[in-house]
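Enquirer: Please see the structure below; I have some questions.
The values are calculated or read from the model by the stated rules, or taken from the named source; none is laboratory data. The shown structure was predicted, so the numbers you read here are calculated from the model rather than taken from an experiment. Using ideal geometry, Cβ is built from the backbone for each residue, glycine included, and neighbour counts are taken over all protein chains shown.
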Amino acid sequence: MESITLKPCPFCGGKAEFANGGYWGRELFKVKCSNKDKCVILPETGAYFLKQQAAAVWNTRSDNA
């Protein structure tokens, strides 16, 4: 199985993690910052996606941000 790499949180640099969102014909996920103690924003993708799609949404951002 292909390894999925997640960029760190764009606000605190913390590790990103997948959160399982259940199963509606397929297993769905969102990605969120796991740095609950230090990240004041705690961003997440919001919607649930297939795992590869959730990673693509999370990783799509400007490298200058």
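Enquirer: Condition (residue is without any contact (Cβ under 8 Å) to a residue 40 or more places away in the chain, surrounded by fewer than 17 Cβ atoms within 10 Å (Cβ to Cβ) and not in a loop (DSSP other than H, G, I, E, B)) applied to region 54-62: is it met by at least one residue? Please lay out each step first, then the result.
Expert: If we filter region 54-62 for residues that are without any contact (Cβ under 8 Å) to a residue 40 or more places away in the chain, which is where we start, we get 54, 56-57, 60, 62.
Narrowing further to those that are surrounded by fewer than 17 Cβ atoms within 10 Å (Cβ to Cβ): 56-57, 60, 62.
If we keep only those that are not in a loop (DSSP other than H, G, I, E, B) too, we end up with 56-57.
Yes, region 54-62 has at least one match.
Enquirer: Moving on. Working only within region 31-43, note down all residues that are charged (D, E, K, R) and either surrounded by 17 or more Cβ atoms within 10 Å (Cβ to Cβ) or in a helix (DSSP H, G or I) (or both).
Expert: Lys32
Enquirer: Based on what the data block shows, is Leu28 surrounded by 12 or more Cβ atoms within 10 Å (Cβ to Cβ) and either at positive phi or assigned to a strand (DSSP E or B) (or both)?
Expert: Yes; evaluated as a whole, the condition is true for this residue.
Enquirer: Being at pLDDT 95 or above, over 10 Å from the mean Cα position of the chain (by Cα) and in a loop (DSSP other than H, G, I, E, B): is that true of Cys9 here? Full working, then the answer.
Expert: Details: at pLDDT 95 or above: yes; over 10 Å from the mean Cα position of the chain (by Cα): no; in a loop (DSSP other than H, G, I, E, B): yes.
For Cys9, the condition - at pLDDT 95 or above, over 10 Å from the mean Cα position of the chain (by Cα) and in a loop (DSSP other than H, G, I, E, B) - is not met.
Enquirer: Has region 12-19 got at least one residue that is modelled with pLDDT under 95 and either among the charged types (D, E, K, R) or in contact with a Cys (Cβ under 7 Å, 6 or more places away or on another chain) (or both)?
Expert: no
Enquirer: Which one of these does Ala65 not meet: (1) exposed (fewer than 14 other Cβ atoms within 10 Å of the Cβ); (2) modelled with pLDDT of 95 or more?
Expert: So Ala65 meets the others, but not (2).
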